[in-house]
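Chemist: I'd like to ask some things about the structure below.
Where a number appears in this text, it was derived from the coordinates with a stated rule and is not lab data. Computed from a prediction, not measured in an experiment: that's the story for all the values here. For neighbour counting, all protein chains shown are included, and Cβ atoms are generated from backbone atoms with ideal geometry for every residue, glycine included.
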Amino acid sequence: MLLSVLRGAFSGQGLDLMTVIASVLASLLVIFVMLPLHEFAHATVAGWFGDRTAKMLGRQTLNPLKHIDYVGALLLLLVGFGWAKPVPVNLDHRKNPKGAMAVVALAGPLSNLLAGVVGGLLINLVLVINPMAVLIFAGQSTGIWSYVVLFLYYFMAINISLAVFNLIPIPPLDGSKILMAFLPNRICYQIQRNEAMISMILMIAIFLGVFSGPLTVAQNWLTSGILNLTALPFQGSPFNPNFSL
């Protein structure tokens, strides 16, 4: 996210200090609040299935110090998607462990999508208060409200990016655990057996930017859709169902 802002500045758009601050603050809010909430959601839903592993290890908490992975946090600050330390889950005792794991895995990205919806609602609420703040999306600031909208937009976009990123069906991401609920056990075994190698390939692909294009398209589509949907309760908001960023 920060790299995107700086890239825009060096490409001739100019460097707006308030835009940089809005980007950094939104990223830090996600790192210290949403990443812990993402993992807390996994741990809590696992607890609903009778797994107390995360709780016994002190991971069913919103304390960011228990969850932050420094590489994942740095990537989130720079490019808008990253990760936290995964909470341990043991559902082998369940009658349908793959199905239970899929539900647990889905809880994390769902928490980010819900945060994106909250961000969209807050943006539209601010725009009812000050409709001119929407001009920030055209590169025109109309005061502090414009940067409040920009901060909320970055917060919303990062959360949506996290949800999309984590739903990629490649280990160790949440999407792989959801996918395995629908695969035969023999294929799941092969995936788990080679998870370390697959994870290494995934890391290399991330650093090479392989996922940047598809993630950006999916993020922009979902962000625009959520902004339009969350505008519906606010008749005075500049956003409407025909609006797209």
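Chemist: Less than 13 Å Cβ to Cβ from Ile191, Lys/Arg counted +1 and Asp/Glu -1: what total charge do the surrounding residues give? Walk me through the intermediate numbers first.
Modeler: On the way: positive: Lys98, Lys177, Arg186, Arg193; negative: Glu195.
So the environment of Ile191 carries a net charge of +3.
Chemist: How many nm separate the modelled label positions at Leu135 and Val33, each set 7 Å beyond the Cα in the direction of the Cβ?
Modeler: That separation, rounded to one decimal, is 2.8 nm.
Chemist: Distance in nm between label sites at Leu17 and Ser224, each 7 Å beyond Cα in the beta-carbon direction?
Modeler: Reported label-point gap for Leu17 and Ser224 is 3.4 nm.
Chemist: Where the convex hull is taken over the Cα atoms of the stretch 33-122, what is its projected area averaged over directions, in nm²? Mind showing how you got there, number by number?
Modeler: Numbers: hull surface 25.3 nm².
Value for the stretch 33-122: 6.3 nm².
Chemist: I would also like to ask the following. Net charge near Pro171, counting Lys/Arg +1 and Asp/Glu -1 over other residues with Cβ under 9 Å of its Cβ?
Modeler: 0
Chemist: Tell me the net charge near Ala43. Cut-off is 11 Å between Cβ atoms, Ala43 excluded, with +1 for each Lys or Arg and -1 for each Asp or Glu.
Modeler: +2
Chemist: Ranked highest first by the average count of other Cβ atoms within 10 Å around their residues, in what order do 69-75, 153-159 fall?
Modeler: Highest mean packing first, the order is 153-159, 69-75.
Chemist: In deg cm²/dmol, rounded to 500, what helix-only [θ] at 222 nm does the chain give when every DSSP H run of at least 4 residues adds -39500 (n - 2.57) and the total is split over its residues?
Modeler: On the way: 11 runs with 153 residues, N = 245.
One gets -20000 deg cm²/dmol as the mean residue ellipticity at 222 nm.
Chemist: With 21 Å as the limit, write out which pairs from Lys66/Lys95; Lys95/Lys177; Lys66/Lys98 have Cα-Cα distances beyond it, or answer none.
Modeler: Lys66/Lys95; Lys66/Lys98
Chemist: Ok, one more. Report, largest value first, the span of the C-alpha coordinates of the chain along each principal axis, in whole Å.
Modeler: Cα extents, longest axis first: 57, 38, 34 Å.
Chemist: Additional query: Which residue, Phe49, Phe182, Phe81, tops the fluctuation ranking in a GNM of the chain built on C-alpha contacts under 10 Å?
Modeler: Result: Phe182 has the largest fluctuation of those listed.
Chemist: Could you identify which residue out of Leu227, Leu29, Leu208 has the top mean-square fluctuation in a GNM of the chain using Cα springs shorter than 10 Å?
Modeler: It is Leu208.
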